[in-house]
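Report on the following structure.
Rule-based calculations on the coordinates, nothing more; no lab input. Not measured: the values here are computed from a predicted model. In this analysis, Cβ positions are derived from the backbone assuming ideal geometry, glycine residues included, and neighbour counts consider all displayed protein chains.
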Amino acid sequence: MNRRELMQLGVMAGGALAARDVLAKAVAAPPVVVAPGGQRAVVTPNGSTLPLKQVGGVKVGHLVAHELEHELAPGLTIKAWGYNGSTPGPTIEVTEGDRVRLYVTNRLPEPTTVHWHGVILPNGMDGVSGLTQKPIAPGQTFLYEFTFKSAGTFMYHPHYDEMTQMALGMNGMIVVHPRAPKGPRVDRDFALMAHEWLIHPGAARPDPNAMGDFNVLTFNSKAYPATAPLVMGVGERVRVRIGNLSPMDHHPIHLHGVSAELTWTDGGEVPPSARHPETTFLVPVGSVRVFEFVTTEPGDWAMHCHMTHHVMNQMGHGFPVMVGADARRIDRRVQPLVPGYMTMGQDGMGAMSEMGMKMPLNSIPMLGGPGPFASIDMGGMFTVLKVRARPDQEDGTGWYQHPRGTVAELAPAERLAADGIDPARQG
Ligand SMILES: [Cu+2]
């Protein structure tokens, strides 16, 4: 190994640290009816909804684009760009046919615009700097006024210096409820924005030049274990709306414990005749996928991007293959130079978050957080569906209590013998 490779390993080692008690606060408030047909209000886990006031027949809202401090996970706070104090910006929730006046104030150090991604509106309201409007200069407030003619799930983001502004966190969701809803009513409705960031260990500013080496993957700009769980009841119909404004990566979002159907995209509703069951929904960059399912099994069910590097936190990728290697000699020789050094990648890294290694300031453990049985070795774009018999009594911080005999565990010798299984023999 050369010096550079050793340094990379050192960064890997530094990226693992003691699990902290970082259970996210839940969003378990009972669902509220807001829209026609008894449709539920959308919950944006770790986020909020934009306040709109009625002025005459128009709903009026105000987005302020500015720099903000944002905690991606405990221990990792960045200088992000967002709207109204957050990234993603607040979810805009309206009903089909609503007319809106949306004021956009620019407090960034450079111009910006807002594009209403997927919304069909007059061309001059589309927010593309240079093409459909002048850029909004720092200090200016622009007015966008249009009618949401179609129901659906859309997004908003800048169309000026896109690479930088989106990389720094400028994005948000738009939910337009149908005026006359079809199909079964949902009991829970969640909106999540998938995103990815490159944050060099110790740095506070995400690197907008990243093209493929993103090291923090988020739902609503939170990396697990900071992602709030989605709390829901057994037998409930649940809708999850996932947008993806990551700079470069598509995310196959996989659901445990349920079978779901794609019902909408940012282009409109999927006809019922075209729906089919899935457990993984690919959410390409610049799109929204909406899926629905009915829960049948109580438990703590994972929902995560299935790209394995997207459920890691702040890991380095440029290190040699260590699977099968005996690194004890390397560790002994490097430890005097790098205190606490451990070579990674040999025997599974699932316990790294427990190891209590020193790490750079402003960085997070490579892996997830404490679980009810052991540490959870996924981080990043990962959250938990907490399916409960009594969801409204759940604050989201507790773990599922499994009925006796329903957890995989060490096989008893008598059972092995009775079933004729000899662990020393294959097949
Ligand atoms: Cu992913």
*What residues have an amide H closer than 5 Å to that of Asn244, excluding those fewer than 5 places away on the same chain, when H is modeled at 1.01 Å from N in the peptide plane?*
Ala194, Gly286, Ser287
_Quick check on segment 77-194: take the gyration tensor over C-alpha atoms, sort the square-rooted eigenvalues as a ≥ b ≥ c, and tell me if it's rounded (a/c under 1.5), prolate or oblate._
oblate
_If you average the C-alpha positions of segment 266-317 and of segment 108-123 separately, how far apart do those two centres end up, in angstrom?_
26 Å
*Determine Rg/Rh for segment 206-336; Rg is computed over alpha-carbon atoms and Rh is the Kirkwood hydrodynamic estimate from the same atoms.*
1.09
_Can you compute the radius of gyration and Dmax for segment 138-226, using only the Cα atoms, both in Å?_
17.0, 51
*asked:* Give me the mean projected area, in nm² to one decimal, of the convex hull enclosing the Cα positions of segment 228-297.
replied: 5.1 nm²
*For Ala41, what is the net charge nearby, where nearby means another residue's Cβ is under 9 Å from its Cβ and Lys, Arg count +1, Asp, Glu -1?*
-1
